[in-house]
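First up is the structure itself, then whatever we jot down about it.
The values are calculated or read from the model by the stated rules, or taken from the named source; none is laboratory data. These figures come from a predicted structure and were not determined experimentally. Cβ coordinates were reconstructed from backbone atoms using ideal geometry, including for glycine residues, and neighbour counts include every protein chain displayed.
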Amino acid sequence: MDFFRIQGGHRLSGRITIEGAKNAALPLMAASLLTTGRVKLTNVGPLADIRNLGSLLGKLGVNVDFGSDDTISMTTVDESCLHAPYDMVKTMRASICVLGPMLARRGRAVISMPGGCAFGTRPIDLHLRGLAKLGAKIEMDGGDIIATADRLKGATVFLGGPNGSTVLGTANVLSAATLAEGRTVIESAACEPEIVDLANMLNRMGAKIRGAGSPRIVIDGVEALGGCEHRVMPDRIVAGTYAIAAAMTNGDIVIDDFPYDSLLAAINHLDEIGVHVSKVNPNDDDFRCSVRVSSNRVLKPTIITTQPHPGFPTDLQAQFMALLSIADGNSIITEKIYPERFLHVAELSRMGAQLYRQGSTVVVSGVRQLHGAPVMASDLRASASLILAGLAAHGETIVSRVYHLDRGYSSMEKVLNSLGARIERCKETKAEVAEDAVPAIIPSIRGAGLTARAAQEPEAKA
Ligand code: EPU
């Protein structure tokens with residue numbers, strides 16, 4: 001297992017380009033199951049999650065060709081395989097996004113029920129209810145979901161849940177409805193930009209979709225879809241993470257391919273905090289533009305509540321917590337999408353952050369300086385927040401288990417080092433790995449805290 005050794009205190013400057021969005025690419029890849037035509041995606045980062053979904057699609061009869069130039073081409077060659085097994089689904093919860101496309105095209109899909117994840121139970125009831133509304137028969141057997149339908153039939157589907165809509169649930173129902181008979185209306189659809197990207201690609205494949213990006217999406221089903229080529233939208237969470245890296249180091253950087261209009265809530269908060277984010281060329285397209293991010297480290301506190309898009313994204317909550325840890329005053333962060341998504345709190349506290357959690361709210365009392373410490377990554381965005389904290393901290397920070405990070409950021413250490421950071425990727429020795437695996441009650445020379453968390457880590461991922 002790799003870990004990062006970070007020497008903090010180096011100001012970031014320079015220029016970087018944002019990669020394609022993981023959370024857009026995954027449902028786009030799954031949509032290749034809707035056709036036997038070739039689907040070619042460009043601007044796809046070399047991420048662990050992308051490779052994992054590629055392997056699953058391979059198992060489902062799709063020829064997946066990873067190009068050398070950030071492209072993936074997918075062609076379905078065998079539609080007889082219908083089972084997404086547990087050993088593949090458990091490594092990546094987002095595997096659930098093959099359910100809708102496979103059911104719509106093949107009439108049957110058997111998918112292992114994804115488990116919970118590091119930040120909660122993560123149900124999929126809305127996905128299943130939505131597909132059932134389109135006429136699918138849904139059964140459970142031995143931990144598998146078995147969905148069957150001769151041909152799906154258009155219907156009005158309501159996808160609102162206790163914490164808002166569902167992003168991958170919307171992707172599943174939307175993708176399935178493209179091949180259903182008649183009209184489907186999705187009410188309370190997720191408005192996330194990744195859904196717009198999916199609808200744009202499906203329309204390019206011959207689908208008839210209107211309203212993506214709003215809470216009401218209308219889909220007129222078609223008989224068949226064809227192949228297409230599509231450029232994946234830039235990753236708004238990666239973009240936000242690097243903007244915070246600049247803010248936490250007194251930095252001054254330019255970010256190209258910055259998805260400005262997808263990040264308005266975060267930019268608004270950065271502005272309140274005193275971080276300057278401005279378009280380099282005001283006439284650039286807001287979808288993808290160059291921005292300059294700078295800060296003089298006089299950071300003001302703020303109040304953040306995560307919400308479905310266009311509200312503040314949960315996937316930037318941990319990173320903003322790191323930023324607000326060094327603001328001048330008290331901030332309040334409330335998590336409304338995943339009320340348990342706070343594994344980073346204990347780790348940031350080890351670095352000197354003053355954090356007080358009550359249920360789904362954390363009061364962040366800003367300190368002048370964080371201190372380097374050994375900390376453990378526990379999920380993708382928590383890992384990013386620890387690395388940000390390490391950049392600003394005094395001294396050395398060791399972040400272990402960075403495989404979580406590699407799921408969603410390609411070579412983050414190289415990107416940050418190109419801006420002047422000092423991060424070294426190191427391999428854990430066998431002895432260190434074995435030590436991580438010992439039970440929580442056995443004291444560890446590397447710190448009992450680290451060992452205790454290692455024993456608790458769940459397998460299913462975001
Ligand atoms: N929910 C239900 N029932 C469902 C589905 C969801 O109650 O059937 C609840 C969830 O428990 C949660 C809320 O609805 O409280 C939103 O969950 P959603 O279904 O939207 O999450 P997701 O589609 O599984 C995607 C991203 C997550 C991101 C969320 C929210 C992908 C691959 N994952 O997950 O990304 O946090 O939307 O924006 O697109 C990440 O990248 O780090 C990550 C976790």
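The set of residues from the stretch 279-320 being within 12 Å of the ligand (Cβ to nearest atom) and aromatic (Phe, Trp, Tyr) comprises just one member, PHE312. The set of residues from the stretch 323-348 being more than 16 Å from the ligand (Cβ to nearest atom), assigned to a loop (DSSP other than H, G, I, E, B) and surrounded by fewer than 20 Cβ atoms within 10 Å (Cβ to Cβ) comprises ASP328, GLY329.
Given the structure, is GLY213 out of contact with any strand residue (DSSP E or B) (no Cβ under 6 Å at 6 or more places or on another chain), without any contact (Cβ under 8 Å) to a residue 24 or more places away in the chain and not aromatic (Phe, Trp, Tyr)? Yes. Taking the numbered list (1) touching a strand residue (DSSP E or B) at 6+ places or on another chain (Cβ under 7 Å); (2) of a type in the set (D, E, K, R); (3) within 15 Å of the ligand (Cβ to nearest atom) in turn, ASP70 passes all entries but (3). Considering only the stretch 177-190, I want to know if a residue exists there that is touching a Ser or Thr at 6+ places or on another chain (Cβ under 9 Å), part of a loop (DSSP other than H, G, I, E, B), within 16 Å of the ligand (Cβ to nearest atom) and closer than 20 Å to ASP261 by Cβ. Yes: one or more hits. Candidates ALA393, ALA377, ALA389: the one that is farther than 21 Å from GLN307 by Cα, without any contact (Cβ under 8 Å) to a residue 40 or more places away in the chain and buried (at least 18 other Cβ atoms within 10 Å of the Cβ) is ALA377. Taking the conditions (1) buried (at least 23 other Cβ atoms within 10 Å of the Cβ); (2) free of Cβ contacts under 8 Å to residues at least 60 places away in the same chain; (3) within 16 Å of the ligand (Cβ to nearest atom); (4) over 23 Å from the mean Cα position of the chain (by Cα) in turn, GLY130 satisfies each one other than (4). Restricting ALA353, ALA448, ALA434, ALA393 to those that are modelled with pLDDT of 95 or more and either touching a helix residue (DSSP H, G or I) at 6+ places or on another chain (Cβ under 9 Å) or farther than 26 Å from ALA239 by Cα (or both) reduces the list to ALA353. Yes or no: the stretch 364-371 includes at least one residue that is among the aliphatic types (A, V, I, L, M) and surrounded by fewer than 24 Cβ atoms within 10 Å (Cβ to Cβ). So far as the stretch 364-371 goes, yes, one or more of its residues are among the aliphatic types (A, V, I, L, M) and surrounded by fewer than 24 Cβ atoms within 10 Å (Cβ to Cβ). Within the stretch 303-348, if we keep just the residues that are of a type in the set (Gly, Ala, Ser) and either in the same structural domain as PRO123 (by TED's automatic domain parsing) or in contact with a Phe, Trp or Tyr (Cβ under 9 Å, 6 or more places away or on another chain) (or both), the residue that is farthest from ASP261 (Cα to Cα) turns out to be SER331. Scanning the stretch 133-170 for residues that are in contact (Cβ under 8 Å) with a residue 60 or more places away in the chain and more than 12 Å from the ligand (Cβ to nearest atom) yields ASP144, LEU152, GLY154.
Among the residues of the stretch 213-227, write down those that are in contact with a Lys or Arg (Cβ under 8 Å, 6 or more places away or on another chain) and assigned to a loop (DSSP other than H, G, I, E, B). Steps first, please.
Initial filter on the stretch 213-227 (in contact with a Lys or Arg (Cβ under 8 Å, 6 or more places away or on another chain)): 217-222, 227.
Listed by number, the residues that qualify are GLY221, VAL222, GLY227.
I'm trying to understand the selection: among the residues of the stretch 231-254, which are part of a loop (DSSP other than H, G, I, E, B) and away from the ligand (no atom under 16 Å from the Cβ)? Those that are part of a loop (DSSP other than H, G, I, E, B) and away from the ligand (no atom under 16 Å from the Cβ): THR249, ASN250, GLY251.
This table checks each residue for (1) assigned to a strand (DSSP E or B); (2) touching a Pro at 6+ places or on another chain (Cβ under 9 Å); (3) modelled with pLDDT under 95.
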{"position": "GLY58", "(1), (2), (3)": "no, no, no"}
{"position": "VAL64", "(1), (2), (3)": "yes, no, no"}
{"position": "ASP78", "(1), (2), (3)": "no, no, no"}
{"position": "MET88", "(1), (2), (3)": "no, no, yes"}
{"position": "LEU103", "(1), (2), (3)": "no, no, no"}
{"position": "GLY115", "(1), (2), (3)": "no, yes, yes"}
{"position": "ARG129", "(1), (2), (3)": "no, no, no"}
{"position": "ALA132", "(1), (2), (3)": "no, no, no"}
{"position": "ILE146", "(1), (2), (3)": "yes, no, no"}
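LEU316 falls short on exactly one of the conditions (1) crowded, with 18+ Cβ neighbours inside 10 Å; (2) closer than 25 Å to SER165 by Cβ; (3) in contact with a Leu (Cβ under 8 Å, 6 or more places away or on another chain); (4) at pLDDT 95 or above, and that condition is (3).
Which strands (runs of 3 or more DSSP E) does the stretch 1-54 wholly contain that include 1 or more residues that are touching a residue at least 12 places away in the same chain (Cβ under 8 Å), more than 15 Å from the ligand (Cβ to nearest atom) and outside the structural domain of GLY100 (by TED's automatic domain parsing)? Don't jump to the end; show me each part of the working.
Details: elements: 2-7, 13-17, 39-42.
Answer list for the stretch 1-54: 2-7, 13-17.
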